Structures are given as structure tokens and as C-alpha cells.
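Each reported figure results from applying straightforward, stated rules to the coordinates on display, with no laboratory input. Because the structure is predicted, anything quoted here is derived from the model rather than measured. Cβ atoms come from the backbone with ideal geometry, glycine included; neighbour counts cover every protein chain shown.
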Amino acid sequence: MTLLPATAVSTPSRPRAETSASHFVQFYESEAFLATVVADFAAAGLDAGDAVLLVAMPEHRAAFLTELRSRGADVDRLVLLDARETLAAFLGDGMPQREAFLAHIGGLLDQLGEDVPAVRVYGEMVDLLWREGNAAGAVRLEQFWNELLTRKPFTLLCAYPMADFRSATHTRLFDEMCAQHARVVPTERYIAADADARALEISRLQQRAEALEWEIEQRTRLERERQRAAERNAFLLAATTVLNGSLDLESRMRELMKLAVPQMADGCAVDLTGDDGTFEHVSAGLLEGEILRVPMTAGARIIGTITFYGSQLTAEDELLARELGQRAAIAIENARLYRLAQEANRIKDEFLATLSHELRTPLTAILGWARIISLGGLDEATLKTAVETIEQSAQMQATLINDLLDVSKIVTGKLALHSSATDLAGVVRNAVQTVRLAAQARDVRIEVGPAPELLLVTGDPTRLQQIIWNLLANAIKFSHRGGGVTITLDRVDTAARIVVRDTGRGIAPEFLPHVFEPFRQADGSSTRAHGGLGLGLAIVKYLTELHGGSVRVESDGEGRGAAFTVVLPLAAG
């Protein structure tokens with residue numbers, strides 16, 4: 001962190017502002033109003049002889065000092081810290097770390113609280129996390145502040161621009177954020193009004209909120225219907241264009257065909273359900289005459305069917321029809337492959353962005369603590385925290401790099417197993433012991449079910465432990481605080497079965513087929529709440545299959561947890 005000196009200017013002081021809560025939040029609309037509120041808060045503390053700490057972004061620090069100097073406040077007594085640098089001191093894996101926060105901020109407050117009546121703190125680190133899209137990190141940091149308030153007496157002021165909560169999706173998070181504060185102060189628009197005007201404003205806001213929720217619900221429904229119709233129409237238009245172009249090349253075929261579906265090609269209907277059932281069946285009334293159904297094949301896959309209705313279909317006509325079906329299949333399959341290529345390219349771009357973010361996060365913590373150590377003057381406890389944080393961050397980077405190396409070995413076929421007769425019960429115990437500290441840090445319970453005394457498989461003990469460790473680490477990461485993870489081991493016929501079940505955030509149905517794909521994550525943004533490269537489960541699948549086993553995932557949907565089941569063949573004999 002950097003302590004920024006301030007210079008006092010002698011001008012008349014303003015009256016002291018009183019506070020009635022130890023942790024309160026001020027919402028604001030203009031930066032000028034924020035500067036006034038923070039200046040009132042700081043000036044009141046300075047007038048009372050309190051220690052005043054302002055943890056803010058550079059542009060806000062300048063505005064606060066300007067406002068305080070205009071009042072003649074003794075700004076030399078202020079302690080100013082940069083919000084981003086201070087946050088980096090206890091950030092790990094993209095989230096605030098409890099012990100590092102309590103040690104770092106708690107130690108700083110202990111120093112400030114010596115020989116002063118009280119301590120006042122204004123902080124923007126939570127607002128900084130929110131602005132960067134890390135809502136879960138923001139709520140967690142507010143909880144850490146509340147925990148610190150139970151240990152040390154001080155007054156804490158937070159502030160958020162109301163514009164940060166304009167989306168309807170922010171409603172739940174806004175309520176959760178307010179719940180973390182003993183007192184919530186509305187924006188300047190509300191504060192400036194008298195009691196009657198406030199009541200009228202509240203009524204208007206309630207009506208607008210009700211109307212907005214209804215409109216959002218209607219628009220969401222209409223958008224889903226519009227998207228569905230657009231996808232179907234685009235696909236049908238592409239198929240129709242291919243079929244019409246092919247039919248135009250076959251004048252004799254066109255003459256023999258009767259009109260079956262006006263919006264489609266002459267004399268044909270297309271079933272675009274294919275083998276995945278994505279699009280609706282295009283039905284048509286059958287006309288009198290012969291019916292010829294031609295499958296559209298791409299390799300061994302049947303991607304659709306062309307149905308011809310004719311009156312005098314000869315063997316030659318059938319050959320022409322099958323050629324048409326093949327042409328249509330090639331065109332549609334090319335379109336599908338192009339779409340897959342685009343999707344693969346998008347996933348690659350998202351992975352590179354995620355990789356940059358995941359490597360930068362522990363590096364930020366390492367650099368931040370290294371800088372603090374280089375400044376010197378740290379007590380033994382803070383120095384120990386710094387070293388531990390640097391070591392944890394380096395281990396985090398090593399884990400990411402090891403995952404990348406494993407994937408590289410998988411892709412190049414160089415990943416080898418050192419197999420031997422291995423007791424799975426011992427492997428499970430070792431994996432649980434490895435992740436227990438991580439579970440305790442997140443307040444997640446691990447329950448191990450009873451296991452048979454001996455379940456031998458032929459495999460690489462290190463890689464088998466990696467399979468179970470990855471599944472447990474994944475379950476812990478996506479479990480809520482206070483949640484639980486269970487792991488069971490049993491025998492099913494001639495195989496061993498391992499089930500890792502959690503009560504966490506669950507998996508959306510549309511993402512279930514992609515869970516074990518490399519570089520795929522349900523939330524791929526760089527500001528997501530959970531870290532990782534999206535490689536762990538892909539490695540689990542590959543290692544399991546390399547041992548002759550299988551892995552599957554089950555989830556009832558978001559918020560309902562997930563269960564991963566690994567089945568491995570038992571050793572012969």
C-alpha cells in the first residue's frame with residue numbers, strides 16, 4: 001500500500017456531521033455529492049480528534065482533499081490509501097481472503113487507534129470489486145468488514161453510485177448489499193426532499209418498479225419466442241435455398257414433381273429434425289401418388305430427410321432424387337461444420353482471456369505483498385501473512401501451469417500411466433486430506449461415506465488421486481458457504497464406483513453436455529465469481545477413460561447441486 005501525504009489549508013471549518021451506525025452506506029448520483037458526504041464524515045472525525053482513514057481511488061482522493069481544504073480541515077492528520085493497491089494485498093483467486101484481510105486491515109486499524117478517541121474509515125474497495133463485475137467478492141468483503149467491527153471499535157462509511165444498480169438483474173444483489181449495513185442512506189435526490197415529497201417519490205418508485213418488472217417479464221417471453229422463430233426460419237431458409245438450387249439443375253425432376261409445400265422447393269418437403277431433434281418437423285399433406293423418402297447423410301450420420309411426392313417416379317428419377325439428397329446434405333453439413341468452427345474459435349478467445357486473468361490474479365497478490373515487504377516496518381504477524389500469501393499465489397500459478405501441461409500431454413498423446421495394483425479407499429483418503437484445508441477456508445463440510453475394506457484397481461495412484469482431487473476441488477469451489485460435499489466409494493458388479501456430490505450452484509441443463517469439454521465454463525467472463533481455466537473436468541474425463549473407466553455428471557439445475565460419478569474396472573483376480 002502507499003500512504004499519501006496531504007497538505008492542510010486554513011479556511012473556516014464546517015459543523016461536525018453525526019453518525020448513528022458503525023457501518024453505513026451512502027448511495028449517490030453525482031461525484032460532487034460524494035465529495036461533500038465524505039468531507040462531512042472526515043471533517044467530523046478530525047474535529048473530534050479521531051483517526052481518519054480514507055481508502056479511495058486517485059480521482060476521489062483529490063476531490064476529497066479539495067473539499068476538506070476549502071473548509072480549513074487539518075488534512076495532514078488524514079491517512080490516505082489507494083483502494084486498488086490495498087485490495088490487492090488480500091486478494092487471492094479473484095476473491096478477498098479472510099485471514100489476509102483481518103491481518104492486514106486489522107493491523108492497520110490497531111496502529112491508527114493508538115492515543116485517539118475513535119477511528120473512522122471510508123472505503124472504496126467494495127465499490128471497486130462491484131464496478132469490475134465481481135459482485136460475490138464485493139458482498140464477501142462487506143462481510144469481512146462486519147466481522148472486523150465485532151473485534152474492533154470503529155465507524156465505517158461505504159458509498160456506491162446508484163447507476164451501478166440500474167439493471168433488473170441487480171435487484172437481489174442490491175438487497176444483499178444493503179443487508180450488510182446497519183444503516184442505508186439514499187441518494188441526494190431523496191435527502192433533499194421534505195417528508196411529503198419523499199412519500200410521493202416512494203409511491204412513484206413503487207409503481208414504476210411494478211410496471212418495469214411486468215414489462216421485463218413480457219419482453220423476456222417475447223424475446224425467447226422471437227429467437228426461436230428466427231433460428232428456425234434461418235435454418236429452413238438455408239435448406240430451402242439449397243434444395244431449390246439443386247432442383248433447378250434437374251428440369252426433368254421438377255416437371256415430375258407435384259407441389260407439396262408452397263414455401264419449400266417444388267415437390268419436396270424437408271424434415272430437419274435430424275438426429276438431435278433440434279428443429280420442429282416440417283409437415284405436409286400427402287398427395288396421391290408415389291412417395292419417395294431420401295435420407296440426407298453426412299458420413300455415417302443422417303442429418304435429415306427429403307420427401308418427394310410424385311405420380312410416375314422411375315428408377316432414374318430415384319437416382320436423381322438421391323443425388324439431390326446428397327447435395328443438400330453436403331451443404332447443410334458444411335454449414336454445421338462452419339458453425340462448429342466459429343464456436344471453437346470463440347471458445348479459444350474466451351480461454352485466452354480467462355488464462356490472462358487467472359495468471360494475473362495471483363501475480364497481483366505476489367507483487368503487492370512483495371512491494372509491502374520491500375518497504376519494511378512490518379510486524380511478525382503481517383510478515384508471516386505476506387509470505388504465506390506469496391507462497392499460496394505461487395502454488396496457484398503452478399497448479400494452472402500443471403493443468404496446461406497435462407492438457408498438452410493429452411493432445412500430443414504423451415501422457416503415460418505408471419500402473420500398479422492400487423487400493424481406491426487409500427486414494428480417496430489422500431485426496432480428501434489434500435482438499436480439507438480448502439474446504440475449511442470456504443466453510444464447506446466434507447463427508448466421506450463408509451467404504452469396503454479393499455477395492456483394488458489397476459492404475460496410476462497419482463493420476464487416480466488427481467481424478468478424485470479435481471472432482472472434490474470442483475465441488476468445494478462451487479459450494480455455498482456452510483454447504484456440504486459428500487464422497488462415497490462402493491462396488492458395483494466388477495467395477496468400483498466413486499460419487500462426489502455437492503449442494504452448490506448446480507449446472508444448467510443446456511450446459512450439461514459440455515461439462516467435460518476442455519476450456520468450457522458455464523461463466524466464461526473474466527469477472528466471474530469462480531476462478532480456473534475450465535480444464536479440470538476435461539482432465540478427469542481423459543484420465544478416467546485412460547484407466548478404462550467412465551465418468552458422468554447429473555444435476556437437477558442451477559442452485560440444486562451436482563453429482564459426478566466415476567466408474568473404474570476392478571483389478572483382475
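Observations on the structure shown:
- Here the label points at Ala32 and Asn345, each 7 Å from Cα along the C-beta direction, are separated by 4.9 nm in the simple model.
- Potential lengthening between His514 and Glu388 on full extension [0.36 nm per residue; Cα-Cα distance subtracted]: 41.7 nm
- Arg189 versus Asp110: modelled label distance in nm, points set 7 Å from Cα along the beta carbon direction: 4.6
- FRET efficiency for the Arg445 to Arg552 pair, using the beta carbon distance and R₀ = 25 Å, is estimated at 0.55.
- A straight chain from Ala398 to Arg77 at 0.36 nm per residue would run longer than the Cα-Cα distance by 111.2 nm.
- Using θ = phi - 60° in the Karplus curve 6.51 cos²θ - 1.76 cosθ + 1.60, the 3J(HN,Hα) couplings for region 57-64 round to 6, x, 5, 6, 4, 4, 5, 5 Hz; x is entered for Gly and Pro.
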